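Worksheet for the structure shown next.
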Amino acid sequence: MTPYLETVDVTKHYDGLHALDRVSVAAHLGQLTTIVGVNGAGKTTLLKILAGLDAPSAGRILVQGYESSQEELRAHCTMVFQRSVVFGTNVYNNVAYGLRTEGVPSQDVSSRVKSALSLVNLDGFEKRHARKLSSGEQQRVAIARALALERDVLLVDEATANLDPANAMIIERAIKDSARSKAVVLSTHNLSQARRLSDRVVHLYKGHVVEEGEPPHFFANPSDERTKLFINGELQF
């Protein structure tokens, strides 16, 4: 089956340093792919390239088998960052922002905002001031804003880092539910989270894909020594 989104030998370098080196990964509709790795492995760089927010130095990004520009990628993908950004207005306007920018009719905006807020357990929060919410609630607003756009690809960068368990659980559930119909790519340091949520796990180390596979095999019987060390918490940066 052709992946919905994939990179082919994608390389990214900054000032001579390789953030990514010939990385090839694939994401399928109806699946959640998790990118794991230590800090500096290249996870965020990879997601930003997939989202069309940054350009690779070399390599190709394909959507449904066809090479795509950054503009085309942005039409297919939306990304949620580790540190949520909310505007100084109410929750409704925050979630509606992207829809209004795209010229979605107001009646459709209302229904899609309501549906997205329900997915992250923020029903009734429409009139609350977004910046007065807790950090976990703000991150849920950011997830809802991404889901309201109804893109086929959801990219999530460390969305539950430093959040309390209750907020993390709600976000995890929303991400997992989204993977029923979308191609979801999640980056995380949380190996327990990767075990619970993933259909496929990719280990990125120093800009290279060193191992990938389905969670049971990836965690129980990794073939690469660096993956073994990472799972055991012994891999050095």
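The values are calculated or read from the model by the stated rules, or taken from the named source; none is laboratory data. The shown structure was predicted, so the numbers you read here are calculated from the model rather than taken from an experiment. Here the Cβ is made from the backbone with ideal geometry for all residues, glycine too, and neighbour counts use every protein chain on show. Remember, those area values only see protein heavy atoms, side chains included, never the ligands or the DNA or RNA. Shrake-Rupley method; radii C 1.70, N 1.55, O 1.52, S 1.80 Å.
Here Glu212 fits the description: closer than 20 Å to Lys43 by Cα, open to solvent by 30 Å² or more (accessible area, probe 1.4 Å) and touching a residue at least 40 places away in the same chain (Cβ under 8 Å). For segment 128-147, a residue qualifies if it is among the small types (Gly, Ala, Ser) and surrounded by 17 or more Cβ atoms within 10 Å (Cβ to Cβ), and the qualifying residues are Ala130, Gly136, Ala142, Ala144, Ala146. Are any of the residues in segment 118-133 assigned to a loop (DSSP other than H, G, I, E, B), within 22 Å of Tyr4 (Cα to Cα), free of Cβ contacts under 8 Å to residues at least 60 places away in the same chain and under 19 Å from the mean Cα position of the chain (by Cα)? No; the residues of segment 118-133 include none that is assigned to a loop (DSSP other than H, G, I, E, B), within 22 Å of Tyr4 (Cα to Cα), free of Cβ contacts under 8 Å to residues at least 60 places away in the same chain and under 19 Å from the mean Cα position of the chain (by Cα).
Answer yes or no as to whether Leu191 is touching a helix residue (DSSP H, G or I) at 6+ places or on another chain (Cβ under 9 Å), at pLDDT below 95 and open to solvent by less than 60 Å² (accessible area, probe 1.4 Å). Yes: the conditions hold for Leu191. Going through (1) in a loop (DSSP other than H, G, I, E, B); (2) under 18 Å from Glu211 (Cα atoms) one by one, Thr11 falls short only on (1). From the list Ser223, Ser198, the lone residue that is under 28 Å from Leu73 (Cα atoms) and touching a residue at least 12 places away in the same chain (Cβ under 8 Å) is Ser198. The residue that is surrounded by the fewest Cβ atoms within 10 Å (Cβ to Cβ), among those in segment 5-58 that are touching a helix residue (DSSP H, G or I) at 6+ places or on another chain (Cβ under 8 Å), more than 22 Å from Glu172 (Cβ to Cβ) and not aliphatic (A, V, I, L, M), is Asp54. Filtered by the rule that a residue be over 21 Å from Lys182 (Cβ atoms), modelled with pLDDT of 95 or more and polar (S, T, N, Q), segment 25-56 gives a lone residue, Thr45. Given the criteria surrounded by fewer than 16 Cβ atoms within 10 Å (Cβ to Cβ) and at positive phi, does Gly65 qualify? Spelling it out, Gly65 is indeed surrounded by fewer than 16 Cβ atoms within 10 Å (Cβ to Cβ) and at positive phi.
On the stretch given as segment 148-162, residues that are free of Cβ contacts under 8 Å to residues at least 40 places away in the same chain and crowded, with 20+ Cβ neighbours inside 10 Å total 1. Residues of segment 76-127 that are open to solvent by 40 Å² or more (accessible area, probe 1.4 Å), in contact with a strand residue (DSSP E or B) (Cβ under 9 Å, 6 or more places away or on another chain) and either of a type in the set (Gly, Ala, Ser) or under 24 Å from Leu29 (Cα atoms) (or both): His76, Phe81, Gln82, Gly88.
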